[in-house]
Amino acid sequence: LFEKNDGLDRYKKILKDTLYTYNDIKLLDEALIKNKYGINNHVGFLFNAGGWIKPKAFCRKLIADKKINNFFDSTLKSVKKNKSCWEITTETGQKITASNIIFCNASDIRNYSFFHELSHESFRGQVDWFEDKSVTQQEILSNDGYMIPSVGEKIIFGSTYQKNGTSFDPSHLDSVSNKRKLNKLAPGLIKNDKDTSTKSWVGQRAASFDKKPYVGRVLKER
């Protein structure tokens, strides 16, 4: 969702400057957004090819290959680089070798000496949810924050961002902020805040200082 004038300008630029066409993104006009969601002076972009996936099922599908060996719930004790290969040792003493490895450690990448020269910032984020069987819409609403409806009869909403926040404990202030964002996207959905019991999830994200991702071979760089 975008404020009307901003949204119309963005839509024109997307069609002009990208490979997207009218068949990819549909512009939902101001009247439709007001009638369907009760939000004034906004237009919306609907991605016609959008869809739902179940993340855990998707990951299981990706690794269901006989060439892939899984070592889940294994804590790494050391990661060493030899001339010919990498050697990984787990806390149980198991050794795994590979010619190439990929680090997907977000802000914990700083725990490895190979990446001491890699500058990044860590961000704490929190999302909240509550159970609701009344919402039947399937589309995600996103503006200042987002609402993901109809996920196992739950409504998920958020999110907050705190630079260099280290706590994994849910924050009441973050929940209040997320509810405020939800009320803008779905006015009237929370009828009585005291009767709405929410749960929270906290995670850590990492970003480079210019917000561009680090991808590729970095170990040969200074």
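Reported count of residues in region 142-168, each being free of Cβ contacts under 8 Å to residues at least 12 places away in the same chain and among the aromatic types (Phe, Trp, Tyr), is 0. Inclusion of SER74 among residues that are open to solvent by less than 60 Å² (accessible area, probe 1.4 Å), touching a Ser or Thr at 6+ places or on another chain (Cβ under 8 Å), farther than 30 Å from ILE25 by Cβ and part of a helix (DSSP H, G or I) is not warranted. The C-beta contact set for region 196-210 (first residue under 19 Å from LEU182 (Cα atoms), second residue among the β-branched types (Val, Ile, Thr), distance under 8 angstrom, 6+ apart or interchain) comprises THR196/ILE190; SER200/VAL127; TRP201/VAL127. Among the residues in region 173-184, are any in a loop (DSSP other than H, G, I, E, B) and at pLDDT 80 or above? No.
Scan region 96-115 for residues that are surrounded by fewer than 10 Cβ atoms within 10 Å (Cβ to Cβ) and farther than 22 Å from LYS56 by Cβ and report the count. Residues flagged as surrounded by fewer than 10 Cβ atoms within 10 Å (Cβ to Cβ) and farther than 22 Å from LYS56 by Cβ within region 96-115 amount to 3.
Yes/no matrix, rows are residues, columns are (1) on the phi > 0 side of the Ramachandran plot; (2) of a type in the set (Gly, Ala, Ser); (3) surrounded by 14 or more Cβ atoms within 10 Å (Cβ to Cβ); (4) in contact with a Phe, Trp or Tyr (Cβ under 7 Å, 6 or more places away or on another chain):
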site	(1), (2), (3), (4)
LYS133	no, no, no, no
GLN138	no, no, no, no
GLY152	yes, yes, no, no
ILE155	no, no, yes, yes
ASP169	no, no, no, no
SER177	no, yes, yes, no
LEU182	no, no, yes, yes
SER197	no, yes, no, yes
VAL215	no, no, no, no
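The values are calculated or read from the model by the stated rules, or taken from the named source; none is laboratory data. Please read these numbers as outputs of a predicted model, since none were measured by experiment. A quick note on method: Cβ atoms are made from the backbone with ideal geometry, for glycine too, and the neighbour counts reach across all protein chains shown. Only protein heavy atoms, including side chains, enter the accessible area calculation; ligands, DNA and RNA are left aside. Shrake-Rupley method; radii C 1.70, N 1.55, O 1.52, S 1.80 Å.
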